[in-house]
Amino acid sequence: MAQARILPLNPARRLAANAPDPQRLKLLRALERKILWLSSWMIHHANQIRPRRDGLKVGGHQASSASSVTLLTALYLHALRAEDRVAVKPHASPVFHAIQYLLGRQNVENLKRFRALGGAQSYPSRTKDVDDVDFSTGSVGLGVATTLFASIVQDYVQLKNLAPAEAKRGRMVAIVGDAEFDEGNVFEAMLEGWKHDVRDLWWVIDYNRQSLDSVVSDHLFQTIERAFEGTGWRVVTLKYGKLLEEAFRQPGGGALRRWIDECPNAIYSALCYKGGAAWREHMRAEIGQEPGVAELLARYNDDDALHRLMTNLAGHDIESIVEAFDAAAADDTPTCFIAYTIKGFGLPFAGHKDNHAGIMSEAQMAAFRDGMGIAPGQEWERFAGMDVSVAEIEGFLKQAPFARRFPRRYEPAPVPVPGDFPVPAAGSKGMSTQEGFGRILYDLAGGSSELASRIITTSPDVTVSTNLGGWVNRRGLFDRRDRSDVFKAEKVVSAQTWATSPSGQHVELGIAENNLFLMLAAAGLAGPLFGARLLPVGTLYDPFIERGLDALNYACYQDARFMLAATPAGVTLAPEGGAHQSIATPLIGIGQPGLSYFEPAHIDELSAIMEWGFGHMQAEEGGSLYLRLSTRPLSQPERKLDAKRKAEIVEGGYWVTRPSAQADIAVAYVGALAPEAAEAHRQILEDVPGAGLLAITSPDRLHAGWQGDPHGSHVASLLGALAPGAGLVTVIDGHPAALSWLGAVRGHRIRALGVDRFGQSGDIPDLYREYGLDTHAILNAAAALCLGT
Ligand SMILES: Cc1ncc(C[n+]2csc(CCOP(=O)(O)OP(=O)(O)O)c2C)c(N)n1
Ligand SMILES: [Mg+2]
């Protein structure tokens, strides 16, 4: 505990605390005990009682749960209002479910099936739990950071008056494990939050000074506190509970306080585990000679009483917590509560450094149950063993501010997608899909559709270089405050207007891909969270998807809906070189649930995909989109797509030239390699007049369709046109495995061309030759297939 320092608060931000009502505290304490019991029992039941079929441990973190019981009790049953949105640290899931059960929002069957299929989830899940989870958690650091972006999104929705009249402004709250601050993404988010002046944001840190493996470094949190203060947060340190505070005021109290303040975390934790006699021995040896200490120890001559005193940290003292929450609720300053806790508090392994995965034995659990006054067979009873009347408790739960509305999620109506979606015309120099994407948004920005008003764009410092500049010029940057464009005011010529206002529709981020994906997660949940549908569009360079991949996965796991434009992609960016070449991203696009990956070659295809995509982002069974785009200008076909062709493009592909029944070869291409494929096809036609040319707009959609229905899928029907035994050359600017599976659909022989090595800089002809993507390579592959070599 050496780092324990009650931070001097900025006087303007000093908090006034009123003493909480004693009756309310009594009920909260009774509920706190009940919640500790239910969460421990739920885990015990799953591990020791429910039959197991596979020899695997079930797990469930009794110690992590116990650590946060008081904090979550004070939050859900006192401080939170229905409009507040919460991310609960992953390992407090049993506590969360226990509270929801007491509130009547979770059923006992799900609790009995904790961590079983369909039961209460290991970590709170928006999509799989029934009890109204606001933000999923699991991968530490991501849930907490998402609340910060949700605070930006709430401002966005409110300042534009998009929320329904009944939607009240809420507070974004995270209850966070202290080791989550080892994750750099949390600090990336804090910097972004500082830039955007976030508000109505609370992070409550369960500061048990333990992670998974051990007790954390003593000095770490001093640095973390400074990071909060440096980024505009109010830090409220909740260190000592009321018993300790009282003891500090007694003779010997000063020495006692000094001793605890200077006690290293590891020793404090070990003594928590060992109990009263060990506290006494240590304190006698170390401060026993100081005035008043012997008397103080004598006043706590019962070891249990001394243990209770010495473990009376504020994070387990409901009165201290309630006071702090009430005081902070007075304004909207982002507030971080550092609440000292003890991992496993109230359980036999409290404080033990190995307790993260510890689970109580049968005997320990029986003793714990007896201590709770719960009779065998009454373990799941909501109110068994409580020392207050059921009527009183039920009344209290009913009037908890959080309980006033259920369900708390909104279901706003979809935003219509206009049928006349723009298809920008390319000049004689052709157009790249990246440029086409920018032009489509630019055209939408020039109109007055409701769709355009609900699009929110965001990018980690690559707005202009991914072609969002035109959209931003027309729709502006979002910020709570108006800021003029200084360059414009100074009459410096620039193609880009960079003024901010609450009406702007682009959220500019610093270079941190984690932040991009968490922003997309938060904006993609604006409908259910804030009652206003937003259509988020994010851009980044394709290779940097891997930088933020866990956050992207997390956004999809929560079923947030967004459109991601990743550009430039592959080796086609050519001179930019190997460090910016993406190879595995098509496989990510195929492998990521909840995300449909597209890689069109032409602008009309892209337009059809985006038109469908904005609907798909809003469909109940829909999802998000990943557009893998290129900077290579291609000449555009002269055509107007009919509905059937548009549907094929969305399904994942179409025959540019259908193969004849006799043809023994076809070429399939993705995206920017269309010219090489078309040229190879033209040359092949000289020898094989019926050869086919297949445009693949989405390897992912084709693959998903095939998995769903191997014989009736779109890809099975496409490849049904190719003679059995014919050969198929596939070519993609990415890993060849993205298409090599096509050979399994109908048993065609296949040569899959693509990139499977790290790149170099060069121009397109050199690089396509180097990686075997050029016309020559396609012809060679076709020849090998035709010759059967
Ligand atoms: C990104 C990520 N890495 C690793 C883990 C595995 N893990 C689960 S909990 C944990 C330590 C958590 O410590 P803390 O946040 O302090 O939680 P508490 O002490 O309250 O259990 C780790 C490393 C994870 N869930 N997510
Ligand atoms: Mg911890």
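The values are calculated or read from the model by the stated rules, or taken from the named source; none is laboratory data. Given the structure is predicted, the values throughout are model-derived calculations rather than measurements. Cβ sites come from the backbone with ideal geometry, for glycine too, and all protein chains shown count toward neighbours. These area figures cover heavy atoms from the full protein model, side chains too; ligands, DNA and RNA do not enter into them. Shrake-Rupley method; radii C 1.70, N 1.55, O 1.52, S 1.80 Å.
A few remarks follow.
- Tally of residues being among the basic types (Lys, Arg), within 19 Å of Arg409 (Cα to Cα) and open to solvent by 10 Å² or more (accessible area, probe 1.4 Å) across the stretch 85-109: 1
- Taken across the stretch 337-356, residues that are open to solvent by less than 20 Å² (accessible area, probe 1.4 Å) and either over 20 Å from Leu271 (Cβ atoms) or away from ligand 2 (no atom under 16 Å from the Cβ) (or both) do occur, with at least one present.
- Residue selected from the stretch 315-333 under the condition over 17 Å from Trp202 (Cα atoms) and more than 29 Å from the chain's Cα centre (by Cα), by the criterion surrounded by the fewest Cβ atoms within 10 Å (Cβ to Cβ): Glu319
- Hits in the stretch 239-251 (condition: free of Cβ contacts under 8 Å to residues at least 12 places away in the same chain and in contact with a Lys or Arg (Cβ under 9 Å, 6 or more places away or on another chain)): Phe248
- A single member of Asp178, Asp134 is under 25 Å from Glu621 (Cβ atoms) and either buried (at least 24 other Cβ atoms within 10 Å of the Cβ) or charged (D, E, K, R) (or both), and it is Asp134.
- Tally of residues being outside any strand (DSSP E or B), of a type in the set (Gly, Ala, Ser) and touching a helix residue (DSSP H, G or I) at 6+ places or on another chain (Cβ under 9 Å) across the stretch 735-780: 9
- Qualifying residue in the stretch 49-68 (condition: at pLDDT below 95, of a type in the set (Val, Ile, Thr) and not in a helix (DSSP H, G or I)): yes
- Total residues in the stretch 201-217, condition within 19 Å of the chain's Cα centre (by Cα) and not aliphatic (A, V, I, L, M): 2
- Residue in the stretch 222-234 that is aliphatic (A, V, I, L, M), within 16 Å of ligand 2 (Cβ to nearest atom) and within 26 Å of Ile152 (Cβ to Cβ) present: yes
- The sole residue among Glu323, Glu319, Glu286, Glu290 that is closer than 21 Å to Met172 by Cα and not hydrophobic (A, V, I, L, M, F, W, C) is Glu323.
- Tally, over the stretch 142-182, of residues that are of a type outside the set (Gly, Ala, Ser) and within 14 Å of ligand 1 (Cβ to nearest atom): 9
- Residue count for the stretch 64-122 under the criterion of being more than 24 Å from the chain's Cα centre (by Cα), within 16 Å of ligand 1 (Cβ to nearest atom) and among the polar types (S, T, N, Q): the result is 2.
- Looking only at the stretch 211-225, and only at residues there that are in contact with a strand residue (DSSP E or B) (Cβ under 9 Å, 6 or more places away or on another chain) and near ligand 1 (Cβ under 10 Å from one of its atoms), the one that is modelled with the lowest pLDDT: Val216
- Selection of first residues in the stretch 456-477 that are without any contact (Cβ under 8 Å) to a residue 40 or more places away in the chain and outside any loop (DSSP other than H, G, I, E, B) and of second residues that are among the charged types (D, E, K, R) and surrounded by fewer than 23 Cβ atoms within 10 Å (Cβ to Cβ), restricted to Cβ pairs under 6 Å at least 6 apart or on distinct chains, gives the following pairs, ordered by first then second residue: Leu477/Glu508.
- Looking only at the stretch 357-381, residues that are touching a helix residue (DSSP H, G or I) at 6+ places or on another chain (Cβ under 8 Å) and open to solvent by 70 Å² or more (accessible area, probe 1.4 Å) come to 2 in all.
- Of the numbered criteria (1) in contact with a Phe, Trp or Tyr (Cβ under 7 Å, 6 or more places away or on another chain); (2) of a type in the set (S, T, N, Q); (3) within 16 Å of ligand 1 (Cβ to nearest atom), the one Gln505 fails is (3).
- Selection within the stretch 299-314 - open to solvent by less than 60 Å² (accessible area, probe 1.4 Å) and assigned to a helix (DSSP H, G or I): Asp303, Ala305, Leu306, His307, Leu309, Met310, Ala314
- Within the stretch 407-440, the set of residues being assigned to a loop (DSSP other than H, G, I, E, B) and under 29 Å from the mean Cα position of the chain (by Cα) comprises Pro407, Arg408, Arg409, Tyr410, Glu411, Pro412, Ala413, Pro414, Val415, Pro416, Val417.
- Conditions (1) away from ligand 1 (no atom under 16 Å from the Cβ); (2) modelled with pLDDT of 95 or more; (3) open to solvent by 30 Å² or more (accessible area, probe 1.4 Å): number failed by Gly193: (3)
- Of the helices (runs of 4 or more DSSP H) that lie entirely inside the stretch 99-216, those containing 2 or more residues that are within 16 Å of ligand 2 (Cβ to nearest atom) span 142-159.
- Tabulated pairs, the stretch 215-238, first open to solvent by 10 Å² or more (accessible area, probe 1.4 Å), second among the aliphatic types (A, V, I, L, M) and modelled with pLDDT under 95, C-beta under 6 angstrom, 6+ apart or interchain: Val215/Ala266; Asp218/Ala2; Thr237/Ile6; Thr237/Leu7
- Matching residues in the stretch 51-63 - criterion: being out of contact with any Gly (no Cβ under 7 Å at 6 or more places or on another chain) and within 16 Å of ligand 1 (Cβ to nearest atom): Lys57, Val58, Gly59, Gly60, His61
- Search result, residues across the stretch 252-295 that are without any contact (Cβ under 8 Å) to a residue 40 or more places away in the chain, among the aromatic types (Phe, Trp, Tyr) and open to solvent by less than 10 Å² (accessible area, probe 1.4 Å): Trp279
- Residue ID - nearest to the chain's Cα centre (by Cα), chosen from residues in the stretch 478-495 that are in contact (Cβ under 8 Å) with a residue 60 or more places away in the chain and open to solvent by 20 Å² or more (accessible area, probe 1.4 Å): Arg480
- Subset of the stretch 482-501 [out of contact with any helix residue (DSSP H, G or I) (no Cβ under 8 Å at 6 or more places or on another chain) and modelled with pLDDT under 90]: Asp482, Arg483, Ser484, Asp485, Val486, Phe487, Lys488, Ala489, Glu490, Lys491, Val492, Val493
- Residues within the stretch 738-789 that are of a type in the set (Ser, Thr, Tyr) and more than 35 Å from the chain's Cα centre (by Cα), tallied: 4
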